[in-house]
Amino acid sequence: MKKLSAAALALGLMLAATAARAEAPAEKACPEGLPAETKCLAGQDQNGAYYWIAIPKAWNGTLVLHIHGGPRLKTPKPDDAVEDLQRFAITVAEGYAWAGSNYRREGYGVRSAAEDSDNLRKIFWDTFGRPKRTVLHGQSWGGNVAAKTAELYGKDAEGKLNYDGVILTSGVVSGGTRAYDFRADLRAVYQFYCGNHPAKDEVQYPLWQGQPVGSKLTNRQLDERLDACTGVNRPASERTAQQQRNLINILAVTRIPERTLDSHLSWATFTFADMVNKRLGGKNPFTNVGVVYKGSDNDKALNKGVVRFAADPEGVRRLADDSDLTGRLLVPTLTLHAIDDPTAFVELEQVLHDTVAKAGKGDLLVQSFTDEHEHSKLATPEYAALLRAMTAWIEQGTKPSPASLATGCAEAVKTYGEACHFQVDYKVPALSARSYPRAKPGLFAK
């Protein structure tokens, strides 16, 4: 009994110390790019997560809770959310209040980021009163987090909706157990051709681990290894024949664009290490058993010599619990994705479509696509069209379509310039067109 009391006391002190770090929103000078007379505030929540808030002078009464991508691996700093606010200043320009958390810690963790985001909703509501509407906006990996936030915190204890709509842009909307298989393939295929990650004279570790605990490898050093093997950072005319062969084979087999090969290898190194070593208890969520790699100049040799690894059921379960989605939408949900997104491939949208359809909630999902080639920021009037369409869907029951979004974008061009790129008849391919299908224990076998 005494031990329990001591433990309870220790827990209470810890919670008190955590709560003591919380900061109420304090006014800040707004960053450049926001409308005149916007009110900006910043603070820190009870778990230590920094946040920023921006409210336009002519606020329309709706809060857009922004959920940023990543996961970022650097320790969060107080003003990290400013970059997100500036990138999506269109939100404030359209008359919506904007709020964004930088999360309590760096690294992977969808549920943790979802909790921090919902905590910011509470802070905003407590400070300014409940808004007319509250809409989630998830960008990139934040799309996974936003969708999870809507699932976990979509209703209060009385069953009343906390959120009225969800917007997912360039989103990792497949859930974690589907989103990163191609990067696990990249590690295996890269090592077959390059053999320098890890190098032969280094400690050998399973490739699915990303990096062993305590590794001192830097992004710059990884780029040097990649360039030494493929010459990707130099003009094609300066590559050796072997480098050119390695690069062509790696790109063809993994189906990764050359322009983001270095980024994907970095994520398959440092993000995998964070995910596996810190979040999944060292358990492997990835498998390439049975995968038949294609597209090289010698597929037989590749498939015979490539490293194989089998997923640990517990690793898969933990990743699924943290990040996979049920598809049971509660509110209108809009997505926007560039067809040539080089980072979060457009085929992820088909997984979301199928998951939502299986849950019987397809009437609450509208997906739209553009012929752009970017990931982090698409054309400004496209976001304006999404915000306006979401408001009409929520308040008037007018469900949008890709065609109506294109029309709304053309209208927004009159205010913001740029051009619209909606492809209203685009049909997204299955994920298998981009990522080799595989079976994972206890989840699926496709």
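Just so you know, all these numbers are worked out from the coordinates, no wet-lab data involved. A quick note: this is a predicted structure, and the numbers were derived from the prediction, not measured. A quick note on method: Cβ atoms are made from the backbone with ideal geometry, for glycine too, and the neighbour counts reach across all protein chains shown.
Structure notes:
- Principal-axis tilt of helix 402-416 within the chain, Cα atoms, nearest 10 degrees: 70
- Packing-based order for 337-347, 362-372, using average beta carbon neighbours within 10 Å, highest first: 337-347, 362-372
- For the peptides 85-92, 205-212, 392-399, the ranking by packing is 85-92, 205-212, 392-399, with the highest mean count of neighbouring Cβ atoms within 10 Å listed first.
- Tensor-based shape of the range 319-418 (alpha-carbon gyration tensor, a/c under 1.5 rounded, otherwise prolate or oblate): oblate
- Annotation: lysines with alpha-carbon distance below 22 angstrom to Lys304 (same-chain offsets under eight excluded): Lys200, Lys294, Lys440.
- P(r) histogram, all alpha-carbon pairs of the chain included - 10 Å bins from 0, percent: 4, 20, 29, 25, 15, 5, 1, 0
- Each stretch of four or more DSSP H residues adds -39500 (n - 2.57); spread over every residue of the chain, this sum gives -12000 deg cm²/dmol at 222 nm.
- Residue separation of Asp321 and Gln423 scaled by 0.36 nm, minus their Cα-Cα distance, works out to 33.3 nm of gained length.
- Centre-to-centre, using Cα atoms only, the range 369-446 and the range 113-192 are separated by 17 Å.
- On the beta carbon distance between Glu314 and His373, with R0 = 41 Å, the FRET formula returns roughly 0.60.
- Measuring r between the beta carbons of Glu158 and Lys399 and using R0 = 22 Å, the FRET efficiency lands at 0.20.
- Tilt relative to the chain, helix 241-254 - C-alpha long axis, 0 to 90 degrees, to 10: 50
- Of all DSSP bridge pairs formed entirely within the range 312-446, close to 35 percent run antiparallel.
- For the pair Gln86 and Lys358 in one chain, pulling the backbone fully straight at 0.36 nm per residue adds 94.2 nm over the alpha carbon distance.
- Sorting His373, His68, His197 by the number of Cβ atoms found within 10 Å of their own Cβ, with the fewest placed first, yields His373, His197, His68.
- Kirkwood Rh, angstrom, the range 178-320 [1 / mean 1/r, Cα pairs]: 15.5
- At 0.890 mPa s and 25 °C, Stokes D of the range 154-233 from Kirkwood alpha-carbon radius, µm² per second: 152
- Nearest-ten-degree value, helix 219-230 long axis tilted from longest Cα axis of the chain: 40
- Greater than 31 Å apart at Cα, pairs in Lys57/Lys358; Lys155/Lys414; Lys132/Lys414; Lys122/Lys283: Lys57/Lys358; Lys155/Lys414; Lys122/Lys283
- For the peptides 142-151, 318-327, 422-431, residues were scored by their other Cβ atoms within 10 Å and the scores averaged per peptide; the highest-first order is 142-151, 318-327, 422-431.
- Dividing the Cα radius of gyration of the range 373-446 by 2.2 N^0.38 Å, with N the residue count, gives 1.51.
- Take the Cα of Asp126, go 7 Å toward its beta carbon, and the backbone nitrogen atoms of the range 51-73 under 16 Å from that spot belong to 51-53.
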